[in-house]
Every structure is written in structure tokens, then in C-alpha cells.
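Below you'll find the structure, written out as C-alpha cells, and then a few comments.
The values are calculated or read from the model by the stated rules, or taken from the named source; none is laboratory data. Treat the numbers as computed from the prediction; the structure is a model and nothing was measured. Counting neighbours? That spans all protein chains shown, and the Cβs are built from the backbone with ideal geometry, glycine included. The accessibility values were calculated without ligands, DNA or RNA, using every heavy atom of the protein model including side chains. Shrake-Rupley method; radii C 1.70, N 1.55, O 1.52, S 1.80 Å.
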Amino acid sequence: SLAAALVLNTHSLLASLQRNELSERRFLQLNKCPACWGTSWCRKFLNGQLRLESWGRLRLLDFFNVKNVYFARYGEPREGSRRVVLKRLGSAQELADIDTKICRRATGRGRCDLLQALPATEFASLNGDVRLLTPGAVEGWSDLVHCPSQRLLDRLVRRYAETKDSGSFLLRNLKDSERMQLLITLAFNPEPLVLQSFPSDEGWPFAKYLGACGRMVAVNYVGEELWSYFNAPWEKRVDLAWQLMEIAEQLTNNDFEFALYLLDVSFDNFAVGPRDGKVIIVDAENVLVADKRLIRQNKPENWDVWYESKFDDCDKEACLSFSKEILCARVTVDHNYYAICQNLLSRHATWRGTSGGLLHDPPAEIAKEGRLEALLDECANPKKRYGRFQAAKELREYLAQLSNNVR
């Protein structure tokens, strides 16, 4: 049926291959702004500096591109071109739902003029008279701010990249349109704000945020998804596993005392750089940030009791069991180790019809020794109290030895 459609639409097919839709305001949904992700890269888009790669220009294939992720070439006159990833941050239905929700909040109806409706929403109520973005105003809007601290929100505003006046934590320093864009992004898909607030340039394991135009954001292309390394040579898979455990450690314990918990962990949420072999998180929509300083200050019940995540044997792909309330209320939590071990590394990991995890089929001598399997099992489904904490520490060290990554 796809072949027949291609034949019947040969003329439109050739036309779509020739024109650059990334320079068209309608394709970018620029008319939705400020109910959009930003405008910092609009000049680059509209000037034709970005072009979709060959098959990405065929709108007939959008049926298969449910996530609305595109690959494109971005060119600078003096730097040549490079590959970038473009995201609409939602499926067509999810984006339509945003419009519906805004309309219902403003008018009580499902359809309306977005630009006229926005002033009647909470996104406009935080106007230029409001000095700071406070926890009470946005708590629970998304995973990123399920339990926000003032310190986190100041960081989000200060590092907001869709404004020319970045660097200030004062909300009132943003233009009205910028403020609404920030809040709408925070409410509907905070991934760009995670990438901006915890940038790769400072060593955080996330893809680099480049900019936005309308409802399209650009991030740097990292490489092939982790899934493509499932049957890579053993030495390569060991190195990737070690990096994944290091990411779990960095996001859990860092000098900034922000714990970033990954609530969605699967093989397509990570990618590997082709040159440096570095593992990077490429899907950061479902990241919960807990401020350990605030937890220590407020001392909620059992705040200093180590929390062990419960193993979830659900017979489905990428299962995780967690309580957001507990993640927000404990200083010492093993969630990230649990997520990486269960969903990516251990024999419990299942993905696209396969099982055994990234460390499947180890060499005979390692399998015979049994230490790797024991550590993976204890990390995924601990039998001893606080067993996962110890197993994760030993697993990081053991994988470092196996891959000669002792540092």
C-alpha cells in the first residue's frame, strides 16, 4: 500500500523532495507561539540553514514517525554541515491535546484561537509583576517539577536558552512571550529545560540543546541508539555497561546535590557517540529532580532512611516501579541503579523481543566465575537489605576492571 501511494503521488513526492519545509512557518508551527517551545533558532530555520535528510522530506512516512523525530543537516558558512536531531516533543495527537487543554482552561471549549486564549491561562498569570518562579506556582506540572525547590526553579530560569537576556533568575526579566514559552514547556514536555539546566558542556550526560523554532527543537546528533550495540563485541558492551552505571552514579550523587531520577529507561533513550564511544541520554522528558539540600533542611518523615526500589517483574518492556513522593523525600535512593540494572544490563532486561540485557552471553571464564551474574542479579532484584547499593558499587568497579577503565 505504501508503494502504491508513492507511485500515485509521484508528482507531490518530487516536489516535497525539492522544497525545504524547515524554512516554512506552517511546518514549524510558528503560528502557535507563544504556545510553543521557543524562537531562538528561527533565523537559522527560516534562512534555510537546516534541511531534512532525504527520507525525512517525505510526509507520507510521517505515519511511521509517531514520535515526530527528524534527522537534518545544519550548515554554517564557515563550519560546513553537521547532523542534528529535530523533535516536535510529542506525537501529532499529543500536540493537538496541548491546544485543546489550553483552550479548555481558558474558554471551557476544546477549540479556540490560541493567541486570544493564552492570556486567560495560568501561563499568563505569572506575568511581569511576578519576581520569581516559585514552587507553589508550578509544583506537579511535570516530572521535572514534581517536587521543585526554589534553587531548582532559579536554575531553570537563569539557564533558559530561549531568551536573549539569559543569566538572570528573575522571572520578570523575561518578555511575556518568553515567560509563557518557558511555562508551557515546563508543563507539557520539560525535556528542553533539562538539557538547558544540566548541560553537556558541564559534563552532564545529556544531548546538547541547540535551539527552537515554533514547535520544533534542535539537539545535537549523538550517534546510534544503544539498541544497535546489543550484539556488539563483548569488550564494547562491557565498556557501555560501565558508562551506564557511571551515569546512574553521577545523576544520583553529585556536587550540586540535585538527584536526577530517570523514570523512563530503555535502549532507545540512550545513544553512543561513534568517535568517542560515549553514552549519552537522548530522551530526557521523564526526569524527576529532587533537591537533596531541601530534603535535609525540611527533614520529612524517614528522610535519612535509605530507600530501596522494589523489583518489578512485569513481563513487559522497560518496566519500572517507583513512588515519586518517596523519590522527593529521601536523601539516599537506589532508583537509578535499579533502573539501569533491571532494564538494560541484567537477564531481566527485555527489549524488542530479546532478553538477557546488554551483558548477555559473557565469555566462558567470566560466566564460570559467576561474579558478574551475581552482581547483576543483586543490583536488579536484591536479596539482602541494602544489597543493591553495595552491588551497584561493586558492579561499577568490576566493569571498570573488565574494560580497563580504572580511573
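Only one of the numbered conditions (1) touching a helix residue (DSSP H, G or I) at 6+ places or on another chain (Cβ under 7 Å); (2) surrounded by fewer than 14 Cβ atoms within 10 Å (Cβ to Cβ) is violated by S125, and that is (1). For the structure I just gave you, tell me whether W204 is out of contact with any His (no Cβ under 7 Å at 6 or more places or on another chain), in contact (Cβ under 8 Å) with a residue 60 or more places away in the chain and of a type in the set (F, W, Y). So W204 fails the test. On inspection, R43 qualifies as at pLDDT 95 or above, in a helix (DSSP H, G or I) and either more than 15 Å from N220 (Cα to Cα) or open to solvent by 50 Å² or more (accessible area, probe 1.4 Å) (or both).
Of the helices (runs of 4 or more DSSP H) lying entirely inside segment 305-407, those carrying at least 2 residues that are more than 25 Å from N269 (Cα to Cα) are 364-369, 371-380, 387-402. Taking (1) loosely packed, with under 14 Cβ neighbours inside 10 Å; (2) without any contact (Cβ under 8 Å) to a residue 40 or more places away in the chain; (3) not in a loop (DSSP other than H, G, I, E, B) in turn, D165 satisfies each apart from (3). Kindly establish whether Y398 is without any contact (Cβ under 8 Å) to a residue 60 or more places away in the chain and on the phi < 0 side of the Ramachandran plot. Yes; evaluated as a whole, the condition is true for this residue. Set side by side, the residues P300, P274 differ, and just one is farther than 20 Å from K87 by Cβ, in a loop (DSSP other than H, G, I, E, B) and either in contact (Cβ under 8 Å) with a residue 40 or more places away in the chain or within 17 Å of the chain's Cα centre (by Cα) (or both), which is P274. Restricting segment 52-90 to residues that are modelled with pLDDT of 80 or more, among the hydroxyl-bearing types (S, T, Y) and over 17 Å from the mean Cα position of the chain (by Cα), which is most open to solvent (accessible area, probe 1.4 Å)? Among residues in segment 52-90 that are modelled with pLDDT of 80 or more, among the hydroxyl-bearing types (S, T, Y) and over 17 Å from the mean Cα position of the chain (by Cα), the one most open to solvent (accessible area, probe 1.4 Å) is S81.
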